[in-house]
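> Encoded as C-alpha cells, here's the structure I'll be asking about.
The values are calculated or read from the model by the stated rules, or taken from the named source; none is laboratory data. What you see is a predicted model; the values in this text were computed from it and never measured. We place every Cβ from the backbone using ideal geometry, glycine too, and count neighbours over all the protein chains shown.
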Amino acid sequence: MSAKLFHNISHKDKLRTIDALVALCVPSHNFFFMIILAVIMATLGLLLNNTSIVIGSALLAPILYPIMGISMGTVMSDYKLIMISAKTLAKSVVLAVIAAAFATILFADTMTVPQIVYELSRPSLMHAAVAVVAGLAASFAMVRSELNETLPGVAISAALIPPLAVVGIGVGEINMEIISGAFLLFLVNVAGITFAGVTTFSLMNFYVDRKEADKALEVEERPSKAKA
C-alpha cells in the first residue's frame, strides 16, 4: 500500500509540485497582502467570538506554503530553498502579529477578550497530533494533482493564522500569557507540519530533484532582480 501511495509519483507531477511550491515560497507583495487580510479577518472573528469568520480567514492565507518549502528544502538538502522559505515565513509572522495587534487596539477597547482566545494560547499534545496529520494531508495533496482541491480544507485544519492572530491580540492587550501561549502553539503547528512534510517528501523520493528546485528558484527570482 505504501508503495502505491508514495512511490508511484510521475516525474511530471514532481516537477509541477516543485514549480508551484517554489513560486509560493518566494516572497511577493501579493503574498504578504493576503497574510495581512487573513490575520485581520481572524482577529476580528476571534474578538467577535465567531468561528465561521476565523475558519474563513484560514482560506485566505498562503502561510502553509513556505512551511512546505522548508520541508522540501530539507529533503533535498537545498539550503537556498530553506532560507527563502524561512525568510518568507518569518516576515509573514511579523506582519501578521503587527496587523493583529493594530486590529485589536482599534476594535477591542470596550470588548471582553473571548474564551476562544485563551483556548488558542494553551498548546497540547493533541494540537501537535493535528498539525502532523494536517502536514501529511497538505504534502500529499500538493503532489497528487487530483487532490489539489482539498488544500483549502487542509489550510483550515492546519490552524496557522488563528494562533498568530491571538499573539497579536495578546500584544494589543499587553498580556504575556496569551502572547507566549499562542506563539508556542504556532511553533508546535509549524514543527508538526514540517516534520510531516519532510516524511512525505522523503517517501516520495523528492531528494533526487534538487536541480529542478534550483532552476525554479532562478526563474522566480529573475523578476525581482530585474525590478531592483
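> For G69, state whether it is among the small types (G, A, S) and more than 30 Å from N205 (Cβ to Cβ). Even if it seems obvious, please write down each step before you answer.
Details: among the small types (G, A, S): yes; more than 30 Å from N205 (Cβ to Cβ): no.
In short, no.
> From (1) of a type outside the set (A, V, I, L, M, F, W, C); (2) touching a Phe, Trp or Tyr at 6+ places or on another chain (Cβ under 6 Å); (3) modelled with pLDDT under 90, pick out the condition that doesn't hold for P163.
(3)
> Take the residues in the range 48-79 that are outside any helix (DSSP H, G or I) and over 12 Å from the mean Cα position of the chain (by Cα); name whichever of them is surrounded by the fewest Cβ atoms within 10 Å (Cβ to Cβ). Please lay out each step first, then the result.
Of the residues in the range 48-79, the ones outside any helix (DSSP H, G or I) are 48-50, 61-63, 77-78.
Next, only the ones that are over 12 Å from the mean Cα position of the chain (by Cα) stay: 48-50, 77-78.
Details: L48: 14, N49: 15, N50: 14, S77: 10, D78: 22.
Here the answer is S77.
> On to the next question. Filter the range 90-109 down to the residues that are surrounded by 15 or more Cβ atoms within 10 Å (Cβ to Cβ) and touching a Gly at 6+ places or on another chain (Cβ under 8 Å) and list them by number. I'd like the intermediate steps shown before the answer.
Step one: filter the range 90-109 for residues surrounded by 15 or more Cβ atoms within 10 Å (Cβ to Cβ), giving 91-93, 95-97, 99-104, 107-108.
If the condition is that a residue be surrounded by 15 or more Cβ atoms within 10 Å (Cβ to Cβ) and touching a Gly at 6+ places or on another chain (Cβ under 8 Å), then A96, V97, A99, A100, A101, F102, A103, T104, A108 are the ones that fit.
> Could you pull out the residue among A131, A191 that is under 19 Å from L59 (Cα atoms), at pLDDT 90 or above and assigned to a helix (DSSP H, G or I)?
Numbers: A191 fails: under 19 Å from L59 (Cα atoms).
That would be A131, the only listed residue that is under 19 Å from L59 (Cα atoms), at pLDDT 90 or above and assigned to a helix (DSSP H, G or I).
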